[in-house]
Amino acid sequence: MNYPKYIGMGGFLSFLILHEINKKKLCGDELADSIGQKRGGKLTPGTIYPALKYLRENKLIKLKQKGRKKIYSLTKKGKKELDSCYKIFNKLFKDIKIKSK
């Protein structure tokens with residue numbers, strides 16, 4: 001996959017994490033795999049875990065310890081934030097038409 005040279009896509013990471021957790025409760029490795037498949041390569045721990053920490057500190061996600069794994073899920077505040085993101089995303093990008101080669 002060819003990524004843009006000048007426009008970073010990193011700003012979508014928190015949105016993607018909330019989106020994936022909304023579909024299914026996941027641990028950090030599962031999130032890294034799932035999002036990585038969409039991006040074309042697994043996310044590193046140095047990328048995914050700081051984002052998860054930020055989302056937890058802002059009470060958008062919570063975790064439940066299950067053995068050695070930490071399973072993440074959305075809080076009510078997280079669901080509300082994700083709904084706001086969906087609305088803005090749809091408003092901003094509804095007119096974009098993807099042209100295939």
Considering only residues of region 38-93 that are charged (D, E, K, R) and in contact with a Cys (Cβ under 7 Å, 6 or more places away or on another chain), which is farthest from residue 17 (Cα to Cα)? 69
I want to confirm something. Restricting to region 43-72 and keeping residues that are closer than 14 Å to residue 14 by Cβ, over 14 Å from the mean Cα position of the chain (by Cα) and of a type outside the set (Lys, Arg), which single residue is surrounded by the most Cβ atoms within 10 Å (Cβ to Cβ)? 58
With the condition kept exactly as written, say whether any residue in region 73-86 is surrounded by 13 or more Cβ atoms within 10 Å (Cβ to Cβ), in contact with an Asp or Glu (Cβ under 9 Å, 6 or more places away or on another chain) and within 17 Å of residue 13 (Cα to Cα). yes
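Each reported figure results from applying straightforward, stated rules to the coordinates on display, with no laboratory input. Since the structure is predicted, the reported quantities are computational estimates derived from the model, not experimental observations. Reconstructed Cβ throughout: ideal geometry from the backbone, glycine too, with neighbour counts over all protein chains shown.
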